[in-house]
Amino acid sequence: MSTSPRLRIAVLNRHFGYRFGGAERYAAAIAEELSDTHEVHVFAQDIEHHHPGITYHPVSRPFNKPRWLNQLWFALQTWRLTRHGFDVVHSHENTWHGDLQTVHVRPFRVGLFHGLSPARRALRWLSLFTSPRLITYWWLEAARLSVNPGRRIVATSDQVKRDTLMGYPHTASMLEVIPPGVNMPAKRLTTSPARAQLQLPLDVPLALFVGNDFDKKGLPALLQALALTPGLHVAVVGQGRHLQRYREQIANLGLADRVHLLGSLSDVTPAYAAADWLVHPTTEDTYAMVVLEAMASGLPVIVSSARFCGIAAELTHTVNALILDDPRDEKQLSERLLSLLEDPSLRESLARAGLSFAQERTWRQAAAQHEALIQRVLAQRPGD
């Protein structure tokens, strides 16, 4: 990937591995690609990942709660451990140190104050300065995004960039967008063995839902839509909260034999192979890597509009995806499901266009953009 000198790169991410979520998958994939040509060291508290080119450094965690105190501890420990001996520190966490800072979600500052009335804003300021938790998050983020001539900031979507500029307009000259990528499968598993492996019914139409925050990713609306879509089954991958509440909703809707809760999977590949299409009715997603991964696996996708999901800004309805105007509208969601259920030619055309879309967005391309940023960081250091 690179002809530049081999560098020692420190990567900071409290949870490192593909199972934890989109931000963690992003961090792991970029680290893997960079390790082909550089010496990559990962500093994390939870490590569920193995790659021969990466050296792992477990970071202590003397307490799990409160979470804000652990965040501060992680920042302090990684600052101590990476102060010397590394050419570049790449942080995916709120830390005051790090030459390259990758921002995956809406900044805390924006979420705290955006859209509030003057009265509620005043109350929020009061709560900020009386809460150790809030003031810690505020300070860490402000330090992370402070002006530094040798620092570069990566936003993982256009929406994250807009939100970051809203809260920190001074970052404009330091900020650029590098969306997630995907590893194209060398060979797609066939459907029947994948379903047998996951103990799914073999001869039914099967949609796939993937997400750990069931509420935010739209599972309630999907279950309501499924009740309006006879014959369709849904496989649910993820370990969401309030699981018992969902089991009760599934039973009350009479869907016990059509909803298959698979839990958290360390490898989602068999689920993509088992499904006929992916449905992602998220109400809040800065990008949604799961959509890109499904496309790379040859699946048609149903996804929320750009107002709710970042990747949708790059997609066109009925060309490479079916887009939901409002993912909370179970009737429209059911109509989209029926479109795929009843129209094989639409499924085929969406799958072809989605595959082409994914092939233009690989992790290797994303890592090459990161490496170009790293070279600019090094070039701008005093004395270089």
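Criterion applied to 370, 317, 280 was being touching a Cys at 6+ places or on another chain (Cβ under 8 Å) and of a type outside the set (Phe, Trp, Tyr), and the one residue passing it is 280. Of the residues making up segment 255-264, those that are out of contact with any Lys or Arg (no Cβ under 8 Å at 6 or more places or on another chain) and part of a loop (DSSP other than H, G, I, E, B) are 255, 256, 257, 258.
So which of 125, 138 is outside the structural domain of residue 288 (by TED's automatic domain parsing) and either touching a Lys or Arg at 6+ places or on another chain (Cβ under 8 Å) or outside any helix (DSSP H, G or I) (or both)? One residue alone meets the criteria, 138. For segment 142-176, a residue qualifies if it is buried (at least 19 other Cβ atoms within 10 Å of the Cβ) and part of a strand (DSSP E or B), and the qualifying residues are 152, 153, 154, 155, 175. Evaluated against (1) of a type in the set (A, V, I, L, M, F, W, C); (2) more than 22 Å from the chain's Cα centre (by Cα); (3) not assigned by TED's automatic domain parsing to the domain that holds residue 272, residue 340 falls short on exactly one condition, (3).
Of these, 179, 185, which one is buried (at least 19 other Cβ atoms within 10 Å of the Cβ) and in contact (Cβ under 8 Å) with a residue 60 or more places away in the chain?
Values: 185 fails: buried (at least 19 other Cβ atoms within 10 Å of the Cβ).
179 is the lone residue from the list that is buried (at least 19 other Cβ atoms within 10 Å of the Cβ) and in contact (Cβ under 8 Å) with a residue 60 or more places away in the chain.
Restricting segment 1-11 to residues that are part of a loop (DSSP other than H, G, I, E, B) and hydrophobic (A, V, I, L, M, F, W, C), the residue that is surrounded by the most Cβ atoms within 10 Å (Cβ to Cβ) is 7.
One line per residue, one yes/no per condition, for (1) more than 22 Å from residue 185 (Cα to Cα); (2) surrounded by fewer than 24 Cβ atoms within 10 Å (Cβ to Cβ):
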| residue | (1), (2) |
| --- | --- |
| 275 | no, no |
| 279 | no, no |
| 287 | no, no |
| 290 | no, no |
| 296 | no, yes |
| 305 | yes, yes |
| 311 | no, no |
| 317 | yes, yes |
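As a summary of the residue check, residue 214 satisfies the conditions (1) outside the structural domain of residue 301 (by TED's automatic domain parsing); (2) over 30 Å from residue 377 (Cβ atoms); (3) surrounded by 13 or more Cβ atoms within 10 Å (Cβ to Cβ) except for the one numbered (1). Taking segment 101-133, which residues are aliphatic (A, V, I, L, M), without any contact (Cβ under 8 Å) to a residue 60 or more places away in the chain and surrounded by 14 or more Cβ atoms within 10 Å (Cβ to Cβ)? Selection gives 110, 112, 128. Tallying residues that are in contact with a Lys or Arg (Cβ under 7 Å, 6 or more places away or on another chain) and under 13 Å from residue 273 (Cα atoms) within segment 159-218 yields 1.
Only one of the numbered conditions (1) free of Cβ contacts under 8 Å to residues at least 40 places away in the same chain; (2) farther than 30 Å from residue 29 by Cβ; (3) in contact with a helix residue (DSSP H, G or I) (Cβ under 7 Å, 6 or more places away or on another chain); (4) part of a loop (DSSP other than H, G, I, E, B) is violated by residue 240, and that is (2).
Look through 16, 43, 20 and report the one residue that is at pLDDT 95 or above, within 15 Å of the chain's Cα centre (by Cα) and not in a helix (DSSP H, G or I). Within the list 16, 43, 20, the selection yields 16. Looking for something out of contact with any strand residue (DSSP E or B) (no Cβ under 9 Å at 6 or more places or on another chain), free of Cβ contacts under 8 Å to residues at least 40 places away in the same chain and hydrophobic (A, V, I, L, M, F, W, C) - is there at least one such residue anywhere in segment 326-343? Taking every residue of segment 326-343 in turn, none turns out to be out of contact with any strand residue (DSSP E or B) (no Cβ under 9 Å at 6 or more places or on another chain), free of Cβ contacts under 8 Å to residues at least 40 places away in the same chain and hydrophobic (A, V, I, L, M, F, W, C).
Which of the residues belonging to segment 29-42 are in contact with a Phe, Trp or Tyr (Cβ under 6 Å, 6 or more places away or on another chain) and free of Cβ contacts under 8 Å to residues at least 24 places away in the same chain?
Of the residues in segment 29-42, the ones in contact with a Phe, Trp or Tyr (Cβ under 6 Å, 6 or more places away or on another chain) are 29, 33, 42.
None; the set is empty.
Identify all residues within segment 303-334 that are over 17 Å from residue 211 (Cβ atoms) and modelled with pLDDT under 95; write none if there are none. Passing the criteria: 306, 307, 313, 314.
Yes or no, residue by residue, for (1) surrounded by 19 or more Cβ atoms within 10 Å (Cβ to Cβ); (2) under 23 Å from residue 211 (Cα atoms); (3) not assigned by TED's automatic domain parsing to the domain that holds residue 154:
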| residue | (1), (2), (3) |
| --- | --- |
| 13 | yes, yes, no |
| 23 | yes, yes, no |
| 26 | yes, yes, no |
| 30 | yes, yes, no |
| 33 | yes, no, no |
| 39 | no, no, no |
| 51 | no, no, no |
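Considered as a group, the residues in segment 87-135 that are modelled with pLDDT of 90 or more and of a type in the set (Lys, Arg) include one that is farthest from residue 154 (Cα to Cα), and that residue is 133.
Looking across segment 319-373, just one residue is surrounded by fewer than 19 Cβ atoms within 10 Å (Cβ to Cβ), under 16 Å from residue 305 (Cα atoms) and aliphatic (A, V, I, L, M), and that is 319.
The values are calculated or read from the model by the stated rules, or taken from the named source; none is laboratory data. Computed from a predicted model, the values in this text were never measured in an experiment. All Cβ positions, even for glycine, are placed from backbone atoms using ideal geometry, and neighbour counts span all protein chains on display.
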